[in-house]
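Only one structure is covered here, and it is reproduced in the block below.
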Amino acid sequence: GGGSPTYYRENEFLELVSAIQELVNLNEIDTFTIEIDPRRVNEEKLKFYKKCGVNRFSFGIQDFDLSVQEEINRVQPFELVQSLLTDEVRSGIKAINFDLLVGLPSQTESTMERTIDKVVELQPDEVQVMFVHYKPKLRKHMTRMVRNGPLPDFYDRKAIFLTAAEGLEGAGYAR
């Protein structure tokens, strides 16, 4: 999870798949998902995962707004993700999922609205909208998230979430 499989070299990923197959017959499972950090892959690597039996990609999008991406130190432009989702990558994949986070620094209803517009343009099969769990005592890197101001409060997070949910439902996604 968390995009960590995309850090492996191909031979390391093959070793991981082999170890998993000792525990689970991958031919008998319905869905074999890996979390994708879009900054760590290219089209060829996604095709390699498919050859290994992966049939669901879950992309950690978080948010497409550049100011939000800069605040969380995860710049991955829309064009990067768009370039990865070729017809060949999509072919034979059970589902493409996007994970979006609500409550990120600099995030507002309007930034989320623009993000949803871009998500809809890319047409993933699934979109998961989740709240950020800010735990700086457990995850020290999270302290950077508040260096330029507080995170959205409860009411703002709720409004941002509703903006995402309504935008996705308006585009035909079922909740």
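The values are calculated or read from the model by the stated rules, or taken from the named source; none is laboratory data. Just so you know, these numbers come straight off a predicted model, no measurement behind them. So basically every Cβ, Gly included, is an ideal-geometry build from the backbone, and we count neighbours across all protein chains shown. Side chains are part of the model used for accessible areas, which takes the heavy atoms of the whole protein and leaves out ligands, DNA and RNA. Shrake-Rupley method; radii C 1.70, N 1.55, O 1.52, S 1.80 Å.
Annotations for the structure displayed:
- Complete set of residues in the stretch 156-175 that are outside any loop (DSSP other than H, G, I, E, B), in contact (Cβ under 8 Å) with a residue 12 or more places away in the chain and among the aliphatic types (A, V, I, L, M): 159, 160, 164, 165, 168
- Qualifying residue in the stretch 132-147 (condition: at pLDDT 95 or above and buried (at least 18 other Cβ atoms within 10 Å of the Cβ)): no
- Near pairs, Cβ below 6 angstrom, 6+ apart or cross-chain, from the stretch 58-87 (within 15 Å of residue 116 (Cα to Cα)) to any residue that is among the hydroxyl-bearing types (Ser, Thr, Tyr) and open to solvent by 40 Å² or more (accessible area, probe 1.4 Å): 68/106
- Put simply, of 119, 102 the only residue that is more than 22 Å from residue 49 (Cα to Cα) and touching a Lys or Arg at 6+ places or on another chain (Cβ under 8 Å) is 102.
- Of the candidates 156, 125, the single residue that is open to solvent by 50 Å² or more (accessible area, probe 1.4 Å), at pLDDT 95 or above and within 23 Å of residue 66 (Cβ to Cβ) is 156.
- Test: residue in the stretch 55-70 that is more than 24 Å from residue 158 (Cα to Cα), in contact with a Pro (Cβ under 8 Å, 6 or more places away or on another chain) and aliphatic (A, V, I, L, M): no
- Within the stretch 1-46, considering residues that are among the polar types (S, T, N, Q) and within 25 Å of residue 86 (Cβ to Cβ), the one modelled with the lowest pLDDT: 4
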